[in-house]
């Protein structure tokens, strides 16, 4: 056995354990008995301790250095790049700090949930300040001289920086604010009927299959907040259902199918290795978004879906495919990020991005956060936030220490814009197929251009390669949105 | 921190990891996507490797010795007794042998399933011989001079020996053979109707609740072979359903509820410690059997169940409670252990016990096993085995290396007999309550006398304490069976 083989055998076992830990998380959101939460937190903690000890094992560093000196094959070097990144980060964060952060964020999440229920930001501010203090400590430990916020972004989107995001978002923001204002001047149709919940679930399974989700290597269950979980041959998705809003169920499912197809589409050779997962949050989100929006909310596909829904539910009050298309893409006033349409969604993200940058740099204190949120919201959206649960308290992310995560949602949209432009040039008769509910050409193209590579290329590189070499920019997304929503 | 505290903190984490590994097994039988099996075996293997490394960690032995010198409290000493037993066994089995056994039994189980499907014992015999060879090696490593088969029993029923079982079974066998012969002379009614499967499942949930199963700390799902899994606040059960045989669903559920109530009933102070599980397979089986048989198949309880089933399913062809009672307890010719009634079940076990003893001692070779099985079966049951899948190939146990496990089933019946005699003397108006479907008095008695103690007392000791100090013997079981089946 060479050092490389030895190292990879260990990493394979670690990846297998990480899959087990992930499945425990899935179980917690879907199957766990309600009184098992306390015991479960000990079980999850024990799994995290095992994984942490393996990441910090000094023998891992020795083997890694030895392997790096041996290996020249491109795929093997990509494996080592991931292990190196993970190893260095693990070694740089003091063990005490990692434990303190895990404990604090567990407490902070509880306090956030209470504060949100009571619309009381002041009750959450002190613990949030403490979370930010520890996240700054963590960022300082791993930054090695870089900007602190960049060091945090790196956990979710390797090689991305706040400066590059600033440039990208500065281009997007005025055009989206303008598009939002124009779109809100028009009337948008909405659904107003009852849709049988079991029929919604049956239809969402059918759509999942059409979008290429492999049920032999996954399953669909219910969860309060839909998510996708697992890699390789066991990638599970969840959805939710509301009798008056079938789009919630159907488009949550398509979104999670995008994430899941990415994981299911990775080269089986990479299974249970560092390359065997989606390469970044941004690229992951590009897959869920292009499935959900550019494909799932297209005029062509919704034309098919309109007929399929009428077969499934009978008449439901909209009588033309074009009206249905506008209902699917309805732009409306609202405070909540997760309920936003394609235009306003990115404005929600940019607001959070600017505020969390300022929180981490120290330019904004938690005492001033609520006012800063409300001012910015009114400036970008044109109306005032009515209460904290519709504003600064709406998202769980900051309470659990996720700083640098929000921008990857918009980056996913940007990447999806690039991919969609390239796909339209590459897949023959795309719209004809979509109008028949046939996603095969689109999803095969995504699989062969993006998904199959797993972690082999850097995030921006895998997108650029798929798009004929062009660096990803926001322009294709903005053109797509302006064409679609300008014309609706 | 004393050495004891330190040791217990480590054991707690190990117990938490063991719960995770167990839940992975539950997932595999209930939820896992069908194409995930290969990846799952790597995941389970990685968990077993982690658990094995913790059991064999030399620091564990050091801390244990230090703690044993410090501690005098009775409960703490019981904790250390379990850790000592586990530690010594883990240290005595060579690592290579443990790995070889895991690999071999995984392969042997596959070959057994194929051989059973083809009714071809000769195809299974070679790999079974190999399993027995390694099990003898393992037994030799852990026996420290004791009999090899006793060393294997010890894994499932600490302190039990083949000699004591021989004595017990020698008393039971002629009386059961006689009772079987007399029972088979009579006619037994059987169900012959259709029973809605969803209604069976609803009723089985109701029965589970009546027998004291806490759904807030568990859940009921479907599995091909019903089982119970987990300890503490997350104890899950499974059942199966067949439209022509509601007793299969209902009594499988009650049986697993007995196992689960044992785990759920353990003192919460012992959660995630070595005392926080049922103390042995025999005591575990005593709980599942007394729930299923002495209580669930009693004349009093079936009187209530008869009415409840008529409310649930409408008329189903039996018109008297006494006929229903005889249908529930129907004695019939059959080859399969898991389908046997209370009388014949123990004869199935004794056959396996005598054969596996001879296999381990070397007195019986795998070449002669099938003939030995068939001869013994005809002697005890009065008719010949028709094919291997109805005979020597019917159980999975030997293929996966479970030797010394079978006798704990009958031991569970013996213990259940002792407990039932004591319960009848201790619980006022037991039959009146059972005839109203009220199990509360019986299950509270079992909880306070047996279940609450978890691993605190040795197996025979916890039964003796529950029965006013008397050593457990087969006499109460035999009297119960002779009274019940002699009078039916």
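For the condition within 14 Å of chain A (Cβ to nearest Cβ) and exposed (fewer than 15 other Cβ atoms within 10 Å of the Cβ), residue B:16 does not qualify. Scan the range A:430-443 for residues that are more than 21 Å from the chain's Cα centre (by Cα) and in a helix (DSSP H, G or I) and the total you get is 7. The test for being under 29 Å from the mean Cα position of the chain (by Cα), within 14 Å of another protein chain (Cβ to nearest Cβ) and within 23 Å of residue B:152 (Cα to Cα) does not hold for residue B:102. Is there a residue in the range B:340-347 that is buried (at least 18 other Cβ atoms within 10 Å of the Cβ) and without any contact (Cβ under 8 Å) to a residue 12 or more places away in the chain? Looking for residues that are buried (at least 18 other Cβ atoms within 10 Å of the Cβ) and without any contact (Cβ under 8 Å) to a residue 12 or more places away in the chain, one finds at least one in the range B:340-347, hence yes. Within the range B:281-304, if we keep just the residues that are surrounded by 24 or more Cβ atoms within 10 Å (Cβ to Cβ) and more than 30 Å from residue B:162 (Cα to Cα), the residue that is farthest from the chain's Cα centre (by Cα) turns out to be B:301. Residues of the range B:229-262 that are assigned to a helix (DSSP H, G or I) and either at pLDDT below 95 or within 12 Å of chain A (Cβ to nearest Cβ) (or both): B:260 alone.
Among residues of the range A:54-67 that are at negative phi, those with a beta-carbon under 6 Å from a residue that is assigned to a helix (DSSP H, G or I) and exposed (fewer than 15 other Cβ atoms within 10 Å of the Cβ) at least six positions away or on a different chain give the pairs A:63/A:6.
Among A:29, A:42, which is the only one that is closer than 30 Å to residue A:220 by Cα and touching a residue at least 40 places away in the same chain (Cβ under 8 Å)? Sole residue among the options that is closer than 30 Å to residue A:220 by Cα and touching a residue at least 40 places away in the same chain (Cβ under 8 Å): A:29. Can you tell me which residue within the range B:322-336, out of those that are in contact with a helix residue (DSSP H, G or I) (Cβ under 6 Å, 6 or more places away or on another chain) and buried (at least 19 other Cβ atoms within 10 Å of the Cβ), is nearest to residue B:310 (Cα to Cα)? Ranking the qualifying residues of the range B:322-336, first place goes to B:324.
Considering A:183, A:199, A:208, A:190, the condition of being buried (at least 20 other Cβ atoms within 10 Å of the Cβ), more than 14 Å from chain B (Cβ to nearest Cβ) and either assigned to a helix (DSSP H, G or I) or out of contact with any strand residue (DSSP E or B) (no Cβ under 7 Å at 6 or more places or on another chain) (or both) is satisfied by A:183 alone. Filtered by the rule that a residue be closer than 24 Å to residue B:153 by Cβ and modelled with pLDDT under 95, the range B:369-395 gives a lone residue, B:380.
Would you say residue A:32 is within 13 Å of chain B (Cβ to nearest Cβ) and not in a helix (DSSP H, G or I)? Yes: the conditions hold for residue A:32. Across the range A:35-53, the number of residues qualifying as at the interface with chain B (Cβ under 9 Å from one of its Cβ atoms) and in contact with a helix residue (DSSP H, G or I) (Cβ under 9 Å, 6 or more places away or on another chain) comes to 13.
Looking across the range B:264-280 at every residue that is in a helix (DSSP H, G or I) and under 23 Å from residue B:77 (Cβ atoms), the one that is nearest to the chain's Cα centre (by Cα) is identified as B:265. Among B:391, B:401, B:440, which is the only one that is touching a helix residue (DSSP H, G or I) at 6+ places or on another chain (Cβ under 8 Å) and under 30 Å from residue B:210 (Cα atoms)? From the options B:391, B:401, B:440, the qualifying one is B:440.
Note on the range A:1-12: residues that are surrounded by fewer than 19 Cβ atoms within 10 Å (Cβ to Cβ), in a helix (DSSP H, G or I) and touching a helix residue (DSSP H, G or I) at 6+ places or on another chain (Cβ under 8 Å) amount to 4. Just one of the numbered conditions (1) at pLDDT 95 or above; (2) closer than 28 Å to residue A:276 by Cβ; (3) surrounded by 13 or more Cβ atoms within 10 Å (Cβ to Cβ) is not true of residue A:132: (2). Summed over the range A:450-464, the residues that are more than 16 Å from residue A:273 (Cα to Cα) and in a helix (DSSP H, G or I) give a count of 6.
Residues that are more than 30 Å from residue A:206 (Cβ to Cβ) and more than 19 Å from the chain's Cα centre (by Cα) do occur in the range A:392-404.
The values are calculated or read from the model by the stated rules, or taken from the named source; none is laboratory data. Values in this document were obtained by computation on a predicted structure and should not be read as measured data. Glycine also receives a Cβ, built like all others from the backbone with ideal geometry; neighbour counts cover every protein chain displayed.
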